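The values are calculated or read from the model by the stated rules, or taken from the named source; none is laboratory data. This one's a predicted model, so the numbers in the text were calculated from it and none came from an experiment. Glycine gets a Cβ as well: all are built from the backbone with ideal geometry, and neighbour counts include every protein chain shown.
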Amino acid sequence: MHIHLEDAGSGPPLVFIHGLGASMETWRECRALLQDRYRVLAVDLPGHGRSTIAAEPSEYTRDRVLQHLDHVVSALDDRPVFVGHSLGGYLTLAFAATRPDVLRGGVVLNTGPGFRDSAKREEWNDRSRRNAHRFAVPEPVADLNLQDDSIVMDRLSQIETPILFIAGGDDRPEYSSAGAYIERKMPSARLVVISGAGHVPQETHAEIVATQIDEFASGLPT
């Protein structure tokens, strides 16, 4: 996994995680707007951006990526805030669900917590495999999007990590619904809907997204 650090600001580290088929470049404008106040890191997930395409299929699993993110966090001298879009948002929730008290907070954009029903998970996985070509990634890389359990859904009510959920008002309604569900279930979650934004508000509404991240991160306890 490729990591880029802009170590200009003095605030808590922000770790930006992109979605399937994207790269750290999706965060370029948001990072530029925040780097004077925060230590800004961005990652390219395995098989994306500047990361190499590994031959080993085990590199393209949620748990393997969470291990990579463990290494990112262990190299920091302060608890970070994860900022994840789509797949990156799910990874942020999964990290908070499986590693209590490690993150200072999490910002997730247009994502979901997964499915409890195994049939729905398999439907999701089949669709992800079929649509791998739409994300311009090889099928093994698209396996990062697969869900083999319901660990996030099962632990939502136990996650005490503060979460800001940002949904695009013009994106598919399922994301706003997911955000409302997370807001109800999690002790420290809040939903913000950006009117007129679609699936990638970090690109189309970067100033609004950066402002939301700043207000959220600056208000978190140390």
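Remarks
- Among residues of the stretch 23-50, those that are of a type in the set (A, V, I, L, M, F, W, C), part of a strand (DSSP E or B) and closer than 22 Å to T61 by Cα, counted: 3
- Residue satisfying all of: in the stretch 44-59; of a type in the set (D, E) and over 11 Å from D143 (Cα atoms); modelled with the lowest pLDDT among these: E56
- Search result, residues across the stretch 207-222 that are surrounded by fewer than 20 Cβ atoms within 10 Å (Cβ to Cβ) and either out of contact with any Leu (no Cβ under 7 Å at 6 or more places or on another chain) or within 23 Å of R155 (Cα to Cα) (or both): I208, T211, E215, S218, G219, L220, P221, T222
- One residue stands out among those in the stretch 19-57 that are among the charged types (D, E, K, R), surrounded by 17 or more Cβ atoms within 10 Å (Cβ to Cβ) and under 16 Å from the mean Cα position of the chain (by Cα): the one that is farthest from I213 (Cα to Cα), which is D44.
- Within the stretch 128-162, if we keep just the residues that are out of contact with any helix residue (DSSP H, G or I) (no Cβ under 7 Å at 6 or more places or on another chain) and aliphatic (A, V, I, L, M), the residue that is nearest to S58 (Cα to Cα) turns out to be V141.
- Of the residues in the stretch 151-164, none is more than 30 Å from G219 (Cβ to Cβ) and either among the β-branched types (V, I, T) or touching a residue at least 12 places away in the same chain (Cβ under 8 Å) (or both).
- Residues being over 21 Å from A210 (Cα atoms) and surrounded by 15 or more Cβ atoms within 10 Å (Cβ to Cβ) - total across the stretch 67-87: 4
- Checklist (1) more than 14 Å from P80 (Cα to Cα); (2) in contact with a helix residue (DSSP H, G or I) (Cβ under 7 Å, 6 or more places away or on another chain) applied to A42, failing item: (1)
- One residue alone among Q212, Q202, Q158 is closer than 29 Å to D101 by Cβ and in contact with a His (Cβ under 8 Å, 6 or more places away or on another chain), and that residue is Q202.
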